[in-house]
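Okay, so here's the structure we're looking at.
The values are calculated or read from the model by the stated rules, or taken from the named source; none is laboratory data. Model, not experiment: these values are computed from the prediction. When we count neighbours, we look across all protein chains shown, and the Cβ atoms used for this are built from the backbone with ideal geometry, even at glycine.
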Ligand code: ADP
Ligand code: MG
């Protein structure tokens, strides 16, 4: 591509909300065969909603929600916001949390009103020496609906499940179809449970999934694909995604996400949906083939 065609692409991109860092980003995107997308905030709206609080026998639903939400006020995770908002909508009286601790990719811990509270995924409760036992079937039923299920632990015992749902963006299904037509293999990476991930992927016709992915794993997954000879683009929005965006042949930051993600990326999508990826890919193609 000529410097002139690169400039044209950069200008056209900017008008369409696709910010291109440099010529290499365009050149590399043209060669990409595999696209890794983060589920939360990329495929989905990224604003999960609380859908169910399922207390175990002997626990009260409102009390379980009060403790969970009081703890989650200390977290900035979208799941935490869902729980806090859900509690507000249900007029729960919050309490102060102490000793708050966030465990990346797993959940949160702390003390609320003298009670030890933990909320998170299977990895979190496993680390605490607990087993999901009878609750597994109940959790799986929600996951099969594409919901994200968290365990709530009170004083070292599982007190129930909290389930949230994050709707798929309106533009996602059509954009995925086009990306397939443009020859990309699509892999969804998520910190979510395998079962939830599979339910979402099946609905969207996604080729492959990587579930239970810790933020640090994303860069490793990309490296492995690259070692198999694949050319990989990665779309993500979180602070946690920066290393993966840097590792990818092409990093695509969702403009709605964290600044550090944007700094690590070759492309930034102002609107932060998959339509932007379709546009970026088409721009790369027309520019590299000097199509006007
Ligand atoms: P993703 O970006 O795909 O949501 P994360 O690594 O942020 O992945 O989170 C992975 C999992 O860890 C979540 O699905 C959830 O089960 C658990 N988790 C993370 N943060 C929290 C939190 N603040 N409260 C409860 N669970 C959490
Ligand atoms: Mg995330």
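Residues in the stretch 232-256 that are under 15 Å from residue 188 (Cβ atoms) and free of Cβ contacts under 8 Å to residues at least 60 places away in the same chain: 252 alone.
Taken together, the residues in the stretch 157-175 that are in a helix (DSSP H, G or I) and over 16 Å from the mean Cα position of the chain (by Cα) amount to 3. In the condition set (1) in contact with a helix residue (DSSP H, G or I) (Cβ under 8 Å, 6 or more places away or on another chain); (2) surrounded by fewer than 24 Cβ atoms within 10 Å (Cβ to Cβ); (3) assigned to a loop (DSSP other than H, G, I, E, B), residue 283 is compliant with all but (3). Does residue 54 satisfy the criteria of being at pLDDT 90 or above, surrounded by 20 or more Cβ atoms within 10 Å (Cβ to Cβ) and more than 18 Å from the chain's Cα centre (by Cα)? No; evaluated as a whole, the condition is false for this residue. With respect to the conditions (1) more than 13 Å from ligand 1 (Cβ to nearest atom); (2) at negative phi; (3) in contact (Cβ under 8 Å) with a residue 24 or more places away in the chain, residue 98 lacks only one, and its number is (3). Taking the stretch 181-251 as the region of interest, the helices (runs of 4 or more DSSP H) fully inside it that hold 3 or more residues being closer than 17 Å to residue 39 by Cβ and not assigned by TED's automatic domain parsing to the domain that holds residue 145 are 194-204, 215-227.
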